[in-house]
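Here's the structure we're looking at; comments come further down.
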Amino acid sequence: MNHSADKSDSTRVLLVDDDPFTLTVVAAMLRGLGCDVVSEETSAAGGLQAAQRLEPDAAVLDLDLGEGPTGIDVAQRLRAMLPDIGIVVLSTYEEPRLMGYNQPPLPEGSIYLVKRTVTDPGILERAIAVSLDPEARAIALPVSGAHVASKMTDLQIDLMRMVAIGHSNAEIARLRSLTVPSAEKAIARLIKQLGLQATPAQNQRVLIAQMYYQLTGAVSTRRA
């Protein structure tokens, strides 16, 4: 855990990411933008304790913090604790719901950035600025609606995840309290919506898994 000296003319930012390398890189980026990184935390608990103690202006959070609370959980607690705090969530996931079934929504006014799209520090700088502007925050959308995942239902996203991690149709039916025929029909509708077409070398379940990994940016280890 690192703390910097007070800089009254700088935006005071709390950074939470469970990956030490990413934590270091993003912290350096923020300092390069002139931000005062008041604390670098690798866990949800550490982030919340630091926020209560330091009352930062903004928080930059990783979505997937490993086992336990997610970045969304931290964001919700931060908004309740510090109503005016700016919240920016960074993730490899194209859409928060891809991380797992029944994810709660991000707090109103939160900014969601997919890590691969942050090709310039200015993108993160603008996201923090918007998250701190009450008028802009009131109309800010937490997730871009440009990707196919944003148009999918919670069930379809969870079906994609379960197929990708290897569940059979029977297992999916049991986990989602469906009949096997209903699960098969739901998967067929998912395939149609994704526009996937099997080839002799690849079946549809493989294509669903590939799409899931593309959207998440990493192989998920979470199971239902």
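Observations on the structure shown:
- Taking a point 7 Å from the Cα of THR22 along the Cα-to-Cβ direction, the residues of the stretch 51-90 with backbone N closer than 13 Å to it are 60-67, 70-72, 89-90.
- Equivalent ellipsoid semi-axes - Cα gyration tensor, the stretch 48-101, angstrom: 21, 11, 9
- Put a dot 7 Å past the Cα of LEU33, heading toward its Cβ, do the same for THR117, and the two dots end up 1.5 nm apart.
- Sorted largest first, the spans of the alpha carbon positions of the stretch 152-216 along the three principal axes are 30, 25, 20 Å.
- Centre separation in Å (Cα based) which lies between the stretch 51-130 and the stretch 169-196: 31 Å
- Amide H contacts under 5 Å for TYR112, placed H, 5+ residues apart: VAL89
- Prolate/oblate/rounded call for the stretch 59-132, Cα gyration tensor, a/c under 1.5 rounded: oblate
- Value of D in µm² per second that Stokes-Einstein yields for the stretch 12-139, Kirkwood Rh from Cα pairs, at 20 °C (1.002 mPa s): 150 µm²/s
- HN-Hα J in Hz across the stretch 112-128 - Karplus 6.51, -1.76, 1.60, θ = phi - 60°, x for Gly and Pro: 10, 10, 7, 4, 5, 8, 7, 8, 8, x, x, 5, 5, 4, 5, 4, 5
Computed from the coordinates by the stated procedures, all read-outs in this text should not be read as laboratory data. Since this is a predicted model, take the numbers as computed values, not measurements. No Cβ is skipped: glycine too gets one built from the backbone with ideal geometry, and neighbour counts run over all protein chains shown.
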